[in-house]
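The values are calculated or read from the model by the stated rules, or taken from the named source; none is laboratory data. As the structure is a computational prediction, the values presented were derived from the model and not from experiment. Ideal geometry is used to build each Cβ from the backbone, glycine not excepted, and the neighbour counts take in all protein chains shown.
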C-alpha cells in the first residue's frame, strides 16, 4: 500500500502557463482600452495567489465596468485560457518523473478551475497519473490538511510563496518549483527541472 502523497499545484508546476494566462487577461480586457488591458495583465502576474474571479472583480471595479458583464467575462476567460493552454506542453521531464516515482500517489491542488485542469490533463495524457484533481473554489490548505489524514507523508509542490504559506504550521513538506527568479528562502527545498525532483524527496 502506498502511504506517501505528492500534491502538485497546476500553473507553474505542471505547465508554464503564467505568461499565457497573462495574455488571456490582456486579450479579454483589450476591448476596454489599452490601459485596462495592461493593468489586467500586470495584476495577474503580481498576484498569482488570487483566483481569476477575484482578479476580474478587481479589474471591473478599477475601471467602473458594468458588473452585469462579470459572468460573461469569466466564461470568455475560460474559453481563451483553454485556447492558449492547448498550445503549451507540460514541463519537460514531468511524465518521466511520474512514471518513476512509484512510491507516491499524486494529486493536483490549484486555484485554477477543475474543468480547465482536467481538460489539460486529458489532452496531454496525464490524467492517468493522478488520483484526484482539486480546483477552485476549494482552498489549498484545507484540502492538504484533509489529505494528510490519509497519508503518512505529504509533499506539496508549488511555485509561489502563497503555495508555501498553505503548508505553514503543518507537518506537510513543501518543495518549491523554480521558474526564473527564486522567491523562496535558502532553507526551502527547491528544484528547477523534474530530473532533480526525485533526489529532493526524503
Conditions (1) over 25 Å from residue 192 (Cα atoms); (2) surrounded by 14 or more Cβ atoms within 10 Å (Cβ to Cβ): number failed by residue 9: (1)
Count of segment 105-128 residues which are surrounded by 19 or more Cβ atoms within 10 Å (Cβ to Cβ), assigned to a helix (DSSP H, G or I) and touching a helix residue (DSSP H, G or I) at 6+ places or on another chain (Cβ under 7 Å): 3
Residue check, residue 153 surrounded by fewer than 20 Cβ atoms within 10 Å (Cβ to Cβ), in contact with a strand residue (DSSP E or B) (Cβ under 8 Å, 6 or more places away or on another chain) and in contact (Cβ under 8 Å) with a residue 24 or more places away in the chain: yes
Output for segment 52-80, where each listed residue is closer than 23 Å to residue 161 by Cβ, under 17 Å from the mean Cα position of the chain (by Cα) and crowded, with 16+ Cβ neighbours inside 10 Å: 52, 53, 55
Pick from segment 190-202, criterion in a loop (DSSP other than H, G, I, E, B) and free of Cβ contacts under 8 Å to residues at least 40 places away in the same chain, ranking: nearest to residue 13 (Cα to Cα): 192
Residue 98 surrounded by 12 or more Cβ atoms within 10 Å (Cβ to Cβ) and assigned to a loop (DSSP other than H, G, I, E, B): no
Residue check, residue 169 at positive phi and in the same structural domain as residue 8 (by TED's automatic domain parsing): yes
Filter result for residue 45 (closer than 20 Å to residue 178 by Cα and surrounded by fewer than 16 Cβ atoms within 10 Å (Cβ to Cβ)): yes
Residues satisfying the stated conditions in segment 161-189, i.e. assigned to a loop (DSSP other than H, G, I, E, B) and over 16 Å from residue 145 (Cα atoms): 178, 179, 180, 181, 182, 183, 184, 185, 186, 187, 188
